[in-house]
Every structure is written in structure tokens, then in C-alpha cells.
1. Scan region B:31-42 residue by residue and report those that are open to solvent by 30 Å² or more (accessible area, probe 1.4 Å) and near DNA strand C (Cβ under 6 Å from one of its atoms).
2. Scanning region A:167-187 for residues that are at pLDDT below 95 and surrounded by 20 or more Cβ atoms within 10 Å (Cβ to Cβ), which turns out nearest to the other protein chains (Cβ to nearest Cβ)?
3. Being within 16 Å of DNA strand D (Cβ to nearest atom), within 14 Å of chain B (Cβ to nearest Cβ), at pLDDT 95 or above and open to solvent by 20 Å² or more (accessible area, probe 1.4 Å) is true for just one of A:LEU28, A:LEU45. Which residue is that?
4. Is region B:88-107 home to any residue that is touching a residue at least 24 places away in the same chain (Cβ under 8 Å), closer than 18 Å to A:GLN188 by Cα and touching a Pro at 6+ places or on another chain (Cβ under 9 Å)?
5. For residues that are closer than 14 Å to B:MET41 by Cα, surrounded by 15 or more Cβ atoms within 10 Å (Cβ to Cβ), more than 12 Å from DNA strand D (Cβ to nearest atom) and not aliphatic (A, V, I, L, M), tally how many sit in region B:1-25.
6. Specify the residue that is surrounded by the most Cβ atoms within 10 Å (Cβ to Cβ); the eligible residues are those in region B:117-135 that are aliphatic (A, V, I, L, M) and more than 10 Å from chain A (Cβ to nearest Cβ).
7. Here is a list of conditions, (1) closer than 26 Å to B:ARG101 by Cα; (2) open to solvent by less than 20 Å² (accessible area, probe 1.4 Å); (3) in contact (Cβ under 8 Å) with a residue 12 or more places away in the chain, and A:ALA114 meets all of them except one; can you say which number that is?
8. Can A:ARG164 be described as more than 21 Å from B:LEU154 (Cβ to Cβ), open to solvent by 30 Å² or more (accessible area, probe 1.4 Å) and modelled with pLDDT of 95 or more?
Protein chains: 2
Amino acid sequence: MPKLGMEPIRKAALVKATIVEIGRSGSLDVTVSQIAKRAGMSSALAHHYFGGKEAMFLAAMRHVLSLYGAEVRGALLAVDGPEQRLMAILRASFSPANFRREVVGAWLNFYVLAQTVPEARRLLAVYQRRLRSNLLFCLRPLVDDRAGAVADGLGALIDGVYLREALKGGTPDGGAAVATVLTYLDRQMKGAGA
Amino acid sequence: MPKLGMEPIRKAALVKATIVEIGRSGSLDVTVSQIAKRAGMSSALAHHYFGGKEAMFLAAMRHVLSLYGAEVRGALLAVDGPEQRLMAILRASFSPANFRREVVGAWLNFYVLAQTVPEARRLLAVYQRRLRSNLLFCLRPLVDDRAGAVADGLGALIDGVYLREALKGGTPDGGAAVATVLTYLDRQMKGAGA
DNA sequence: AAGTTTATTGACTCGTCAATCAACAAAAAA
DNA sequence: TTTTTTGTTGATTGACGAGTCAATAAACTT
């Protein structure tokens, strides 16, 4: 049965399964066998392709981060002007996709991982820098010299609002999350409302 | 050797040891034996007093939360007036104590726990409600009808700034965290600077 | 003194799991 | 066609860990 060129297919399946299992259990306390089973293969094969559990976690983290990045980039393509771009970033950050159980589980556990696994911390830092850079680009025309400070606050606010909305219980409300952030933003710009 | 009245002493020691071990490992992946050993007793005794690992985690969470609450209450006693009280809350939230490795570890892992353990979620909600109530009390004189929205944003911002500062790498800088939040606050009040 | 409650642990059970390996199967290269 | 590379798994190893239990001991009660 063995067809060639399976490696990328298997790896992708394992990454997806890893994220689903983290979401299911809510923690990194998932076994390689669980993941492999969900991905439709033996645990031995998972080890064969990834070498170990931590490598699987990191690959999953990269995947979640890159999905988020793609969502933001896609949203930015559809709009024009600083205010519109800011709104697009917010909507993408608080989209239903990002509040799915497994994505929330992934993020929270990546924070935990970032405490002790340098590569995880690095990936998180990359994400934060990119977000900051996107925000700065929008904010400079709007608040000029205060852009740096506003971007720092806005980035942290996005994380904090996401955290609270994700852990609030009940159905997360991306719209409410966007609104909370806008309350902040409105006051940061002199007189221009979005 | 057995002296009577050991229960509270043992429990307190176990709670402390639990927090230290979570900080050491950065995760909830700590064994009862590790905790018990650090607390100077056998693992059987830990089970005897707490019944299981999850109960120990929840007790640890209650402890961290109550320490934070006490710190805020203490800081509030020393000041007067809404602005001063706000500053006190911020300083307490970003105090060096809260950036100690084991406290950061506890918070991050409590977030993870809150996904799946209802009691953990409840405790987190209690903390957030209390913070909100404290903020509201300060904000009403300052921003009146907008107090609700500002308190929501401010609460999330505090969480987000804490998260970033804690995971940033290097020595966390509580002062910078306070400053970031103040950038937000200043603009939320009409014209009154702290 | 006899009985009860509280404190305490070593040893054990039962289960789990990451990682390895030998072996088998099929495609590609030689 | 033989050989090599790639894909794949069942079985095994070796370790660890949560929770239980029987047994011991000191302190209180009657």
C-alpha cells in the first residue's frame, strides 16, 4: 500500500490532529497515540516523522500562528485606509475561527509552553512583532508620534480581550470584543471616529 | 512523633510547594511526589489531606488569587482619591511579587485549567469581577457614564500587559507595564491627568 | 487501661506512555 | 532483478505516577 511522498501529508495530518487533541483535552497532556490515532496512523509513525512530542507541539504552534497570520493578511487585502485596516485586524483577531475550542486551547497552552521552551517563546515573539508592525503601519497616519505607545497598548489589549472572551464561558462574542477595543481606540485618536 | 493539629500546617505547606513546583516545571505536569517531597512529607500524606491532585491545584489557585487580592486591598488602604486608587491597583497588579516565576506559572496554568475545570473557571471569574468592581469604584467619579466600558477595557488591558511582560523574556519591568496602562487611562479621562 | 481519633509512611497495584525495534511492503534506482 | 529508499506497524521496553492500604505510633477520651 505504501505510496511515496507521504511525508508532508502525514505531517499535516499530525499537526491538525495535535491541535484537535489539545483542544479536546484543554492541555498539553495528550499522548502521541491519541494524536496518531486521530490522524489515522500508528504512534510509531508519528515518532518516525516528528521524532518526539515536543516537535509536534511546536509544529502545531507554527500552524496556528500561520493560520492567524494568513487570516490577517487576507483581511488586509480587502480594505483600504488606516481605519479600515485597523478594523480588519480586529475582526480577523476576533473571528469565530479564533474562538474555536481547539484554537483557544492551542493559544493558552502555547503561552504555557513559552515559559520553558525557547523555540515557543521565539514563535510567540515573532507573532507579537508582526502584529505590532501591522498596527504601527495603521497608527502612524492616525496618531503620528504616539503610534509606538498606542501600538503597544493595543497589542496587549487584543491579547487581554481575547483571553477574557475565550475563558468567559458561553458562546464567545467576537463583536463585543471588537467593541471593547474600539472604545480604547476612539479615545487614542484626536477627534477622528472610525 | 505525631503532633495533633497538623492538618492546616500540612495543607499550607502543600499549597506552597504546589505553587513552587508549578513554577519550576512551568506546567501542571508535576507529580504529587514532587510536591509532597518539597513540602517535607510522603505522597501518601498529600493524598490523605487533599484527596487528589486537582484539589491541590485548586487550593493553590485560591491561594495565589487571595494573595493578589490582599496585595490590592493593602495598597488601597494607603491612598485616597480615585486617581490614587487606580494607581495603587496598577502598582499592585504589576508588583515584582506577581512577576516571580512561580506566580507567572500559576496564572498561566490556571488559565489553562479554567478551560476544563469549572471550579477553576469560577475562581477566575470571581477575581475578574472583584477587579472590575474595584475599577468601577475609581472610574465612576472620573468618567461617569463610561465607567463600565472603561473598566472592561482596563481589566482586559491589565491581563494583556501582564501576559506580555511575563513572557517577554529578561527581567519583567512592572514600571513599564504601569506606564503602558496609563497611556490608555489618560485618554479615557476627559482632561484630568493623574 | 482500653479504645478512639489523628498523623504518618513504605510498599504495592494498576495503569499509562514515550520511545525503540524488528520486520514487512512497495516503489524507485541500479 | 537485485538493491536501496520510503512507508508502516505490532510488539516491546523501561520508566513513571496516581491512588490505595495495611501497619505503626502518638495523642486524646472515657
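1. The answer is B:SER42, and nothing else.
2. It comes out as A:TYR184.
3. A:LEU28
4. No, the conditions are met nowhere in region B:88-107.
5. Qualifying residue count for the region: 3.
6. Checked region B:117-135; the qualifying residue surrounded by the most Cβ atoms within 10 Å (Cβ to Cβ) is B:LEU135.
7. Among (1) closer than 26 Å to B:ARG101 by Cα; (2) open to solvent by less than 20 Å² (accessible area, probe 1.4 Å); (3) in contact (Cβ under 8 Å) with a residue 12 or more places away in the chain, A:ALA114 violates only (3).
8. So A:ARG164 fails the test.
The values are calculated or read from the model by the stated rules, or taken from the named source; none is laboratory data. Note that the structure is predicted; figures quoted are calculated from it, not measured. FYI the Cβ positions are ideal-geometry reconstructions off the backbone, even for glycines, and counts take in every protein chain you see. In case anyone asks, the SASA skips ligands and DNA or RNA and just uses the protein heavy atoms, side chains included. Shrake-Rupley method; radii C 1.70, N 1.55, O 1.52, S 1.80 Å.
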